[in-house]
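Here's the structure, in structure tokens; my notes come after.
The values are calculated or read from the model by the stated rules, or taken from the named source; none is laboratory data. Computed from a predicted model, the values in this text were never measured in an experiment. As a convention, Cβ positions derive from the backbone with ideal geometry for all residues, glycine included, and neighbour counts pool all protein chains shown. For accessibility, only protein heavy atoms count, side chains too; no ligands or nucleic acids. Shrake-Rupley method; radii C 1.70, N 1.55, O 1.52, S 1.80 Å.
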Amino acid sequence: MLRVGLTGGIGSGKSEVSRRLAERGAVVIDADKIAREVVEPGSEGLARVVAAFGEEILREDGSLNREKLGAIVFADSDRLATLNGIVHPLVGERVEELQRQAPDDAVVVYDVPLLVENKLAPMYEVVIVVDASDEVRLDRLTRVRGMSEQDARARVAAQASREERLGVADVVIPNEGTLEELDARVAEVWKRLRG
């Protein structure tokens, strides 16, 4: 089993790379997806988040209003640490469970947005960083995702710097061009991972 950490700043295109690796046969364990699962309505995780942040972070249907919670935690590092202290252990348990289910010869790709921030690089045999300039990422967040420029800048600032991410990379996938160019780069990386 080859354990690969995949990361990139918000708006870098990490999810596109993750999807393309899965299409080629990687077992992808998506930390963000799991982070959403552990705070679904009725979960222990959601109850703990509501206890810490109040009922105003819930939607009318009882689900977590991620945008509202995000606006709170990305503006306050102490509140972000509180949230991470609740969610990260629950995510860790689920990741271990999924890892045990993967075949012995699998390339297991851990899609981890905060790999650098949480100093997780040593956990993986290979660390892949999807890289795009802050300007490109901000453009994607405002134009494609519809974030306000202020919110986009706050999210980028709350994460590791581009230099910090590149500093832990074994493999860098530049992503400032077309999806076709990205696909070709992912194909090359997949060949290396299987070799």
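For the condition within 24 Å of ALA71 (Cα to Cα), open to solvent by 50 Å² or more (accessible area, probe 1.4 Å) and either touching an Asp or Glu at 6+ places or on another chain (Cβ under 9 Å) or not basic (Lys, Arg) (or both), ARG145 does not qualify.
Could you check region 103-113 and list, in sequence order, the residues that are out of contact with any helix residue (DSSP H, G or I) (no Cβ under 8 Å at 6 or more places or on another chain) and more than 14 Å from ALA26 (Cβ to Cβ)?
ASP104
Do any helices (runs of 4 or more DSSP H) lying entirely in region 20-90 carry at least 3 residues that are out of contact with any Pro (no Cβ under 6 Å at 6 or more places or on another chain), open to solvent by 50 Å² or more (accessible area, probe 1.4 Å) and at pLDDT 95 or above, and which ones are they? Once the helices (runs of 4 or more DSSP H) in region 20-90 are filtered for at least 3 residues that are out of contact with any Pro (no Cβ under 6 Å at 6 or more places or on another chain), open to solvent by 50 Å² or more (accessible area, probe 1.4 Å) and at pLDDT 95 or above, what remains is 44-53.
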